[in-house]
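Heads up, the thing below is written out as structure tokens.
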Amino acid sequence: MGKPTDLVQGTLDLLILKTISLEPKHGWAIAKRIQQVSREALQIQQGSLYPALHRLEQQAWIKAEWRTTEAGRMAKFYSLTRAGRKQLEKLASWARLSAAINLVVQEA
Amino acid sequence: MRTLDKARMRFRSLFRRSKVEVELEAELRFHLDQLIEENIASGMPPDEARRAALRTIGGMTRFQEECRDMRRVNFIESLAQDVRYAIRRLAKTPAFTGVVIATLALGIGGITAMFSVVQAVLLAPLPYEQPGQLVRVYQQDPNRPALPYYVTGPHFWEIRDHTSSFEGFVALGNYNEKGLDLAHDGQAHRLRVLRVTSGYFRALRSGQLRGRESSGKTRSVYGSLF
């Protein structure tokens with residue numbers, strides 16, 4: 001396992017919101033999914049993941065409910081609220097802008 | 001909508017704390033178990049898998065604390081702690097506390113008393129039908145215009161008989177705290193008395209409980225019992 005990537009808060013929020021935008025997921029699945037999609041580059045530490053989830057829930061961007069996993073265990077599943085979807089769009093447009101700026105910076 | 005959701009979350013975090021805590025515990029426990037399973041799946045013996053998982057996850061209590069911070073209710077809890085601390089400190093220094101409480105009590109009491117007087121005397125309208133139309137008339141010495149004098153008897157009758165500016169023009173005598181005695185059925189009663197001129201009740205439009213008020217322009221002075 002690589003060194004934990006230092007994530008700024010907004011980026012982590014964006015990653016979480018994006019990850020649960022398709023279907024509700026529990027914390028473990030969110031971390032795994034981000035790790036997988038980023039080809040192991042992003043390791044979300046539990047110490048940042050769960051506080052972030054609770055913060056987002058507190059902001060009413062995501063909501064949580066207890067559901068049974070495929071393995072038959074109870075887990076807390078997070079899904080996007082309507083406000084969360086808006087927030088995701090906002091953060092995503094910011095990410096696009098930042099990517100564009102990165103392109104320019106690398107070219108120069 | 002979102003404000004409402006936020007308020008509901010805040011409420012839940014604050015007042016259903018034990019439930020929230022249990023859920024948080026269960027959530028982190030689930031994560032830990034997933035980690036253990038993953039370690040076992042990658043070929044570790046169960047014991048070692050568990051130890052490795054605990055190592056990775058670090059102090060669980062620290063996460064819980066951070067999650068609690070994120071729920072933003074810690075500040076309310078620390079406020080409660082501060083209040084308790086303040087009470088303990090105050091209890092330890094009774095002299096200081098006593099002086100502070102006495103100062104506050106006297107201050108608040110004084111202001112309240114003063115306001116009651118101001119309210120009754122200056123602010124509250126008089127208990128008559130049209131208090132705004134009541135005026136008090138003084139007479140004036142042209143040489144000393146700043147000093148208001150009471151209207152003297154002869155002047156009063158003159159003004160009353162000839163004025164057209166007022167609906168009614170009445171006078172009342174000085175109030176005497178001693179009052180009068182009234183003997184009735186062999187028993188004496190001390191009455192509070194104010195002497196007024198005829199037309200007094202009509203001018204104030206206050207009506208009488210008993211008796212009859214003389215009308216017309218008689219120059220009589222009545223005793224008013226109240």
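All of the numbers you see were taken from the coordinates with simple rules; none came from a lab. For clarity, every value in this text was computed on a predicted model and none was experimentally measured. Note: ideal-geometry Cβ built from the backbone for every residue, glycine included; neighbour counts use all protein chains shown.
Taken along its three principal axes, the alpha carbon spread of chain B comes to 121, 54, 49 Å, from the longest extent down to the shortest.
Here the protein assembly as shown is treated as a Stokes sphere of Kirkwood radius computed over C-alpha pairs; at 37 °C and 0.692 mPa s its diffusion coefficient rounds to 112 µm²/s. Residue ranges B:148-161, B:120-133 sort as B:148-161, B:120-133 when ordered by packing (mean number of other C-beta atoms within 10 Å per residue, highest first). Given in Å, the Rg to one decimal and the Dmax to the nearest whole number for the Cα atoms of region B:91-168 are 23.8, 76. Stokes-Einstein diffusion of region B:132-225 at 20 °C, 1.002 mPa s viscosity, Kirkwood radius from Cα pairs, rounded to a whole number: 139 µm²/s. Size of region A:20-108: Rg and Dmax of its alpha carbons, in Å, are 15.4, 54. As a rough footprinting exposure proxy, the listed residues B:His31, B:His184 were ranked by other beta carbons within 10 Å of their own, and the order from fewest upward is B:His184, B:His31.
Residues whose amide H comes within less than 5 Å of that of A:Lys25, counting only those at least five positions distant or on another chain, are A:Tyr78 (H built at 1.01 Å from N in the peptide plane).
As a ratio to 2.2 N^0.38 Å, the alpha-carbon radius of gyration computed for region B:2-90 takes the value 1.51. Enter the Cα centre distance for the pair region A:44-108 and region B:70-107, rounded to the nearest angstrom. Spelled out, the Cα-based centre of one part sits 41 Å from the other. Distances between placed amide hydrogens fall under 5 Å for B:Ser198 paired with B:Ser220, B:Tyr222, all partners being 5 or more residues away or on another chain.
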